[in-house]
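Heads up, the thing below is written out as structure tokens.
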Amino acid sequence: MQNGYPTLGLLIDGAWKKESGSGEAVLNPATEREIAWLPHATETDLEAAIDSAERGFRVWRATSAADRANILRQAARLMADRREAIAITITLEQGKPLGEARLEVDRVVETFDWYAAEATRAQGRIYPIRGAGIRPRTIPEPVGIVLALTPWNFPAFMPARKLAPALAAGCSVILKAAEETPGSAVAIVRALEDAGLPRGVVNLVFGVPAVVSSTILASPKVRKVSFTGSVPVGAEIARLASANLQKCTLELGGHSPVIVFDDVDLVEVAKQTAAFKFRNAGQVCIAPNRFYLHERIYDRFVEEMCGLARKVKLGDGTDTATTMGPMANARRIGAMEKVMQQSREAGAEILHGGERAANRGYFWQPTVVTGLKDDDTPMQEEIFGPIAPLAKFSDTDEVIARANGTRYGLAAYVFSNATATASRVVEQLEAGTVCVNVLAPAFADVPMGGKKESGYGYEGGREGLDEFFSVKTVNTQTV
Ligand code: NAD
């Protein structure tokens, strides 16, 4: 067990269960050493979580929006007070540098604060009276018990993106956070508990993901599922939810194109895009993934990117000198090896990196690749790691078509100082988020969602809250 890492457990009906017949080791990806043991929920635990969430829902939906907001705000304060401890937990279990982990905690706090306020602004509408004296109005009602399934790349922020709006809306939640990174979810749930969240409003479970999701979604008491992860798993969740017609929000993968025209400060653009590309070792769904560089700046941009990749300081996230930590788990190393094999087979040139680094820990070198064609797999499938394929373009319409030429549609980036060019590209890109001359993260008050196979529904903003409401229409005879 490692110092600074919380004791793990399942929270079922207000009681922490720390032992179970089955479970798994949680590893520090920088050392591959075990830092804790995670108990798995049994089928009985999962049934108990559903029953508890049903009772919790009755209590929580009857709690005034102002009281719900106070608890969420208090939880945010506690998380802010515990910022350093949560950040260390994130780094120990996920690998990212401590500075990035601290910023992640800040965004968690911002998310709970923002949805606390939004809880009190959930309003319906009153419509004009009809001829027969009928007055229609609508009431937003919490949709019911929510199953929240979160991944390991942002182990604190991903649970916050689902818990905060669901709780603000008055739903109860069964959270299954990623088994690789359970400590951050435990810390968030503890803060909610300490802030006075009633028993059963949040249950936290871990287990074999497919067993947990199929068992919980088999219950018609559960009315909503919100999942963040890969496209194939998202499709499986949608299939499971279809049996009971549970509402779905799916935040799935991306393969974000970066289009750089020849009228920009390329040194600055390379600096910004490299920083975002190698942030969290590339394990960000909106990470810049495919670079399309205008032919007039291509050679210089490639040189800049290689220089920036060379400057990356790979290491343990707890070391202050580290700028890029390890990949989050062993599967990512296998995935990077596959991308490199596909690249080599396609005749690509590996200008920097391309290999695992160090004998211990899941470290992957920052990698720059050129010479891939549009239909080569690394240009078509999400990379989710620190590998940057760079390609050349000459014509605006051609590059828009190439940028749109995958099954994903999550984020896209365009760099140009010509307003007409940038506007034209923005209008035509098939992406849920387009950034112009900047790479921006997700904000608490702004919706984010995918197009095409990147999923449906929204997180963030008012739209993110609406995902957890169903609207009741009431027609009243007034005269
Ligand atoms: P994966 O697809 O097996 O798992 C992704 C996440 O889904 C994990 O947290 C896992 O616990 C969960 N999961 C898997 N099967 C599930 C099931 N049947 N029911 C419920 N949850 C389930 O892949 P992985 O190796 O963990 O991650 C690799 C891929 O996942 C990446 O290539 C990327 O596409 C995707 N991913 C996306 C995001 C994102 O922010 N959109 C985050 C993490 C991973």
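The values are calculated or read from the model by the stated rules, or taken from the named source; none is laboratory data. Just so you know, these numbers come straight off a predicted model, no measurement behind them. Reconstructed Cβ throughout: ideal geometry from the backbone, glycine too, with neighbour counts over all protein chains shown. What goes into the accessible areas is simple: the full protein's heavy atoms, side chains included, and nothing from ligands, DNA or RNA. Shrake-Rupley method; radii C 1.70, N 1.55, O 1.52, S 1.80 Å.
Figures for the structure shown
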read-out: Protein accessible area in region 77-118, 1.4 Å probe - carbon and sulfur %; value: 60 percent
read-out: Kirkwood Rh in Å, taken over the chain so that all alpha-carbon pairs contribute; value: 23.2 Å
read-out: Solvent-accessible heavy-atom area per residue, rounded to whole Å², over region 187-268 at 1.4 Å; value: 34 Å²
read-out: Angle in degrees between helix 65-81 and the longest Cα principal axis of the chain, rounded to the nearest 10; value: 40 degrees
read-out: Positive-pole candidate from VAL186, ALA148, ILE126, dipole of region 68-217, charges at beta carbon; value: ILE126
read-out: Of all accessible heavy-atom area on region 256-443, the percent that carbon and sulfur account for (1.4 Å); value: 47 percent
read-out: Rounded to whole Å, sorted largest first: equivalent-ellipsoid semi-axes of region 256-443, Cα gyration tensor; value: 26, 17, 16
read-out: The chain, helix-only ellipticity at 222 nm - DSSP H runs n ≥ 4, -39,500 (n - 2.57), divided by all residues, nearest 500; value: -12500 deg cm²/dmol
read-out: Calculated FRET efficiency for the pair GLN477/SER230, C-beta based, R₀ 56 Å, to 0.05; value: 0.65
read-out: Difference of contour (0.36 nm per residue) and Cα-Cα distance, ARG121 to ALA218; value: 31.6 nm
read-out: Residues whose placed amide H lies under 5 Å from that of GLY23, excluding near-sequence neighbours; value: HIS40
read-out: For TRP364, residues with placed amide H under 5 Å, excluding near neighbours; value: MET327, ALA357
read-out: Spatially proximal lysines relative to LYS176 (Cα-Cα < 24 Å; intrachain offsets below 8 disregarded); value: LYS17, LYS18, LYS96, LYS162, LYS221, LYS224, LYS247
read-out: Count of lysine pairs in region 256-443 with Cα separation under 24 Å (8 or more residues apart, or interchain); value: 13
